[in-house]
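The values are calculated or read from the model by the stated rules, or taken from the named source; none is laboratory data. It should be emphasised that the depicted structure is a prediction, and the values quoted were computed from it without experimental measurement. Cβ: placed from backbone, ideal geometry, glycine included. Neighbour counts: every protein chain shown. For the accessible areas, the whole protein counts, side chains as well, though only heavy atoms, and no ligand, DNA or RNA atoms are used. Shrake-Rupley method; radii C 1.70, N 1.55, O 1.52, S 1.80 Å.
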Amino acid sequence: MITYYMTTLAHWAWVPVMVMVIYKIYQQYLEHRSVVPNFPIVDEADFSDWGEAMVYGSNKYKDQPFQILGPNDSTVILPISYFPETEQIGGATISLTEEVRRRFLGRWTHLGMNTAVIETVRKELTRNVDKILSAGIIADETAHSMDTEIGRFCTGDGWTPIPVFAKMLSAVSMISGRIFVGLPLCRDKEWIDISVGYTLNAVATTTEASRWKPFLRPLVAPFLPSVRRCREQRRKMAQWMRPLLAEVRARQQDEKQGAHEPGAANGERGKHADLEARGTFVSWLMNHIPESSQTEDELSIGQILISFASIHTTSTTTSMALYDLACRPQLAEELREEIEDVARRDDLKKNRNGIAVWPKQSMAKLWKLDSFVKESQRMNPLAFATPVHRVMAPVTFSTGLHLPKHARLCFPSWAIHTSPSTPAFSPLYNSGTGNLPPDQFDPLRFYRLRLIEGRERKHQVVTTSCESLNFGHGHHACPGRFFATYEIKYILMAIITGYDIRFPGDDDNDDEKNGKGREELRPENIKVGMAQQPNPRGLIEFRKRQV
């Protein structure tokens, strides 16, 4: 009898498991419903890219919400007038991190699963940016990375073609890594490869998962090749974190015992000794992680996430700017004159390696460079919309607009940034400046706006508003934008003052083209859905300047 019951039980044991699987699939299906009812639809397939679809929808449905229908889901585009109210509603109801977690399968990639990194950037990195600049750390690592990635290939007085995007990925990894993990690890090739590669694998996870229906993705994710690669890279990162964690704990113990006094050494190097110590970012991160979770595994995830958030975004923006600069030699000369003029007037100090150190107050005087970076970012955004948020509970706005649970929403930054209806780009606001219309590239647009009395402190690259959304705005404005902007500017300054650049085919021996540049030679951006990136195969020719 017992044998009979055991056999029967075994025969039907699969039923509750199957019921749970079916329930999970149904739950995921509900969470990925494609279309929000009663909203006008703009089909992405009808346009060349997401940005074009957004501009069309924004013009057709002025001050009204609509949705862009993609291959797998839809995204509600809200008019910017709804932005203040979404801020008030808060992240528990309209969540950015939850959308990141779901989009990048956070359970397996860990993206969107860790808020400690965001707090560390906001409260530690940003607060110490002035000290980092004064210490000459960015200056030192920029000089090293530029020599490693570009300078050593430029021999003689000829032109050398350089794959810019790949070089900027490595350079930004080294510069950021100087703060994140310190020397010598920040220059280790394997560390650079993993810092860059984890992002690629996380994106690959999304791509591989997109071959499956959304409600099936959580079930297939553990078996994806990219997920396995992410796991292996986290394991390696944890090995590197182990000695860093030990060093940080040893320093903390010394401080408790009074054996270590920050800045006790003489000179500039001593003043910033803590910033130059290995594991500086690790120690900051530990301030925002419970002591019980301060393990090499947890810290490795933190390092992976800060690399994901910073390296590709910064290197992409820098590469876009270099593409924009290479076809405008007159602009490069004008920026060079500004840089050299400020450096001369401020009598910049040099660090122990003989490299000029730009403090914050000197950087702030480079209005033309700031304008160029902001304009390049405006015309070549990383995404055509603000970061997508997910509605976690049904929400009704004061206008009566209702969004159901699991709806995805964002704001049309590309349409805002290129419309003359946007106040900052209107003919009236730009009257007398000579600025080009907002759908055209004008590198000194924001420089001219800042020359007008009362606007001196506005329109800077780190400034966010409902008219300047590339770094986000409000609660979710990018907390690392200050550090990232200084990295971008340092790289551009090193290239502008140290090299002449042009695109292959822009022969300066031809009097017709000499000094004029050729904008048609600029590699077209690669657009994938809402996002875009510089053409990774694009080349810029470099030639060392004779000073």
Checklist entry - What lysines could a cross-link reach from LYS131, if we take a straight Cα to Cα line under 25 Å and drop same-chain neighbours fewer than 8 places away? => result LYS123, LYS256, LYS271, LYS349, LYS350, LYS360, LYS365, LYS368, LYS374, LYS458, LYS489
Checklist entry - Using a simple spin-label model with points 7 Å from Cα along the Cα→Cβ vector, what separation in nm is obtained for ASP130 and LYS62? => result 4.6
Checklist entry - Hey, got the dipole for the chain? About the Cα centre, +1 on K and R Cβ, -1 on D and E Cβ, debye to the nearest 20? => result 1280
Checklist outcome for this item: The local net charge around LYS374, scoring Lys/Arg +1 and Asp/Glu -1 for residues other than LYS374 whose Cβ lies under 13 Å from its Cβ, equals +3
Checklist entry - Okay, which of the stretch 429-472 sit inside 19 Å, backbone N to the point 7 Å along the Cα-Cβ direction of GLN88? => result 466
Next on the checklist: Once R0 is set to 45 Å, what does the formula 1/(1 + (r/R0)^6) return for the Cβ-Cβ distance between GLU255 and GLU337, expressed as a FRET efficiency to the nearest 0.05?
Outcome noted: 0.45
Item to check | For the stretch 316-361: Kirkwood Rh in Å [reciprocal of mean 1/r, alpha carbons] | outcome: 12.4
Checklist entry - What Rg and what Dmax come out for the stretch 387-450 when only alpha-carbon atoms are used, in angstroms? => result 17.3, 48
Next on the checklist: What is the sum of charges, Lys and Arg at +1 and Asp and Glu at -1, for the other residues whose Cβ falls under 12 Å from the Cβ of LEU169?
Outcome noted: -1
Checklist entry - Could you name the lysines in cross-link range of LYS405, using Cα to Cα under 22 Å and dropping any fewer than eight places away on the same chain? => result LYS24, LYS213
Item to check | Selection from THR120, GLY182, ILE162 lying farthest towards where the dipole of the stretch 66-222 points positive, charges on Cβ | outcome: THR120
Checklist entry - Percent of alpha carbon pairs in the chain separated by more than 39 Å? => result 32
Item to check | Lys/Arg +1, Asp/Glu -1 at C-beta; the chain dipole; positive extreme among ALA477, HIS459, PRO420 | outcome: ALA477
Next on the checklist: What are the extents of the Cα atoms of the stretch 129-252 along their three principal axes, in Å, largest first?
Outcome noted: 54, 49, 25
Checklist outcome for this item: All alpha-carbon distances of the stretch 101-187, grouped into 10 Å bins from 0, give the whole-percent distribution 15, 32, 31, 17, 5, 0
Item to check | Cα-Cα separations in the stretch 75-133 greater than 14 Å, expressed as whole percent | outcome: 70
Checklist entry - Considering only protein heavy atoms, what is the solvent-accessible area of PHE104 at a probe of 1.4 Å, reported in Å² to the nearest 10? => result 40
Next on the checklist: Defining a contact as two alpha carbons under 8 Å apart and six or more residues distant in sequence, what relative contact order in percent does the chain show?
Outcome noted: 22
Checklist entry - Taking the Cα atoms of the stretch 279-403, what is the range of coordinates along each of the three principal axes, in descending order and whole Å? => result 56, 45, 26
Checklist entry - With every protein chain kept in the model, how would you rank LEU469, LEU382 by accessible area, 1.4 Å probe, largest at the top? => result LEU382, LEU469
Checklist entry - Between LEU521 and PHE397, what is the label-to-label distance in nm when each label sits 7 Å out along the Cα-to-Cβ direction? => result 4.6
Checklist outcome for this item: note: the stretch 341-443, Cα-Cα separations exceeding 18 Å make up a percent value of 68
Item to check | Average silhouette area of the stretch 391-536, convex hull of alpha-carbon atoms, in square nanometres | outcome: 13.3
Checklist entry - Taking the alpha-carbon centroid of each part, what is the distance from the stretch 320-352 to the stretch 162-225 in angstrom? => result 31
Item to check | Cβ charges +1 (Lys, Arg) and -1 (Asp, Glu), total dipole of the stretch 354-405, debye | outcome: 60
Checklist entry - How many Å² of accessible area per residue for the chain, probe 1.4 Å? => result 47
Item to check | Interchain or long-range residues, amide H under 5 Å from ILE162's placed H | outcome: ILE540, GLU541, PHE542
Checklist entry - Just the accessible area for ASP130, please: 1.4 Å probe, Å², rounded to the nearest 10? => result 70
Next on the checklist: Can you give the local net charge around ASP297? Use residues other than it whose beta-carbon is closer than 13 angstrom to its beta-carbon, Lys and Arg +1, Asp and Glu -1.
Outcome noted: +3
Checklist entry - Of the listed peptides 489-495, 436-442, 456-462, 478-484, what is their order by residue-averaged count of other C-beta atoms within 10 Å, with the highest listed first? => result 489-495, 478-484, 456-462, 436-442
Checklist entry - Under 21 Å Cα-Cα from LYS189, which lysines qualify once same-chain neighbours fewer than 8 residues away are excluded? => result LYS167, LYS236
Item to check | D_trans [Stokes-Einstein, Kirkwood Rh over alpha-carbon pairs] for the stretch 457-496, 20 °C, 1.002 mPa s, µm² s⁻¹ | outcome: 195
